[in-house]
Amino acid sequence: MAEHLRIDTASRIIAAPPEAIYRAFVDREALLAWLPPEGMTGEMLEFEPRPGGAFRMALHYSVPGHGKTTEDTDIVDSEFAELVPNQRVVQLVRFKSDDPAFAGIMRMVWDLEPVDGGTRVIILAEDVPPGISKEDHDEGLRSSLENLARYVEGSRD
């Protein structure tokens, strides 16, 4: 029987409407500003925000030795599998690595649920490669949500 890969999840209420949060996913500069977790910077290599469209990002670690592609870099190839305006973003993520522990496709589902005072953003990461520790991934998800909150809450009129 095949081993099923891990599912990680995180959520946060952000004091912004779903429309503002959704825009942060489909705008190149916005995504680059908030998606890289703490300790990383991003470089957008390709960006096509439509169902079936791709985005390719290089994530550079501030401290070398953690990278999946090179010692200090992760190259992430993603596809926008589903875009439901103001409700849901589904990305299929592949890490460029020779290490089989990072092989496969991780499905990232971002649901946006209106709540009093803003939007609950729920991340569901399915088929997380075993090379990504749960602790590191949980911290990365939380960090990205904090960055997203800071980005959209700070950009409101």
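Which residue out of 55, 95 is in contact with a strand residue (DSSP E or B) (Cβ under 8 Å, 6 or more places away or on another chain), modelled with pLDDT of 85 or more and among the aromatic types (Phe, Trp, Tyr)? Spell out how you get there, then give the answer.
Numbers: 95 fails: modelled with pLDDT of 85 or more.
Exactly one residue qualifies, and that residue is 55.
Can you tell me how many residues within region 96-131 are in contact with a Pro (Cβ under 8 Å, 6 or more places away or on another chain) and among the polar types (S, T, N, Q)?
Count: 1.
Per-residue answers, yes or no, for (1) closer than 24 Å to residue 5 by Cα; (2) small (Gly, Ala, Ser); (3) touching a Pro at 6+ places or on another chain (Cβ under 8 Å); (4) surrounded by 15 or more Cβ atoms within 10 Å (Cβ to Cβ):
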| position | (1), (2), (3), (4) |
| --- | --- |
| 38 | no, no, no, no |
| 54 | yes, yes, no, yes |
| 72 | no, no, yes, yes |
| 78 | yes, yes, no, yes |
| 81 | yes, yes, yes, yes |
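If you go through region 102-157 one residue at a time, how many are within 13 Å of the chain's Cα centre (by Cα) and acidic (Asp, Glu)? Before you say what the answer is, go through the steps one by one.
Kept after step one, since they are within 13 Å of the chain's Cα centre (by Cα), are these residues of region 102-157: 106-111, 121-126, 128, 137-148.
This time we only want the ones that are acidic (Asp, Glu), so: 111, 126, 138-139, 146.
Counting residues in region 102-157 that are within 13 Å of the chain's Cα centre (by Cα) and acidic (Asp, Glu) gives 5.
Scan 140, 154, 118 and give me the residue that is buried (at least 17 other Cβ atoms within 10 Å of the Cβ), over 20 Å from residue 54 (Cα atoms) and modelled with pLDDT under 90. Before the answer, list the steps.
Details: 154 fails: buried (at least 17 other Cβ atoms within 10 Å of the Cβ); 118 fails: modelled with pLDDT under 90.
None of the others qualify; the one that does is 140.
The values are calculated or read from the model by the stated rules, or taken from the named source; none is laboratory data. All values reported here derive from a predicted model rather than from experimental measurement. With ideal geometry, Cβ positions are generated from the backbone for all residues, glycine too; neighbour counts draw on all protein chains shown.
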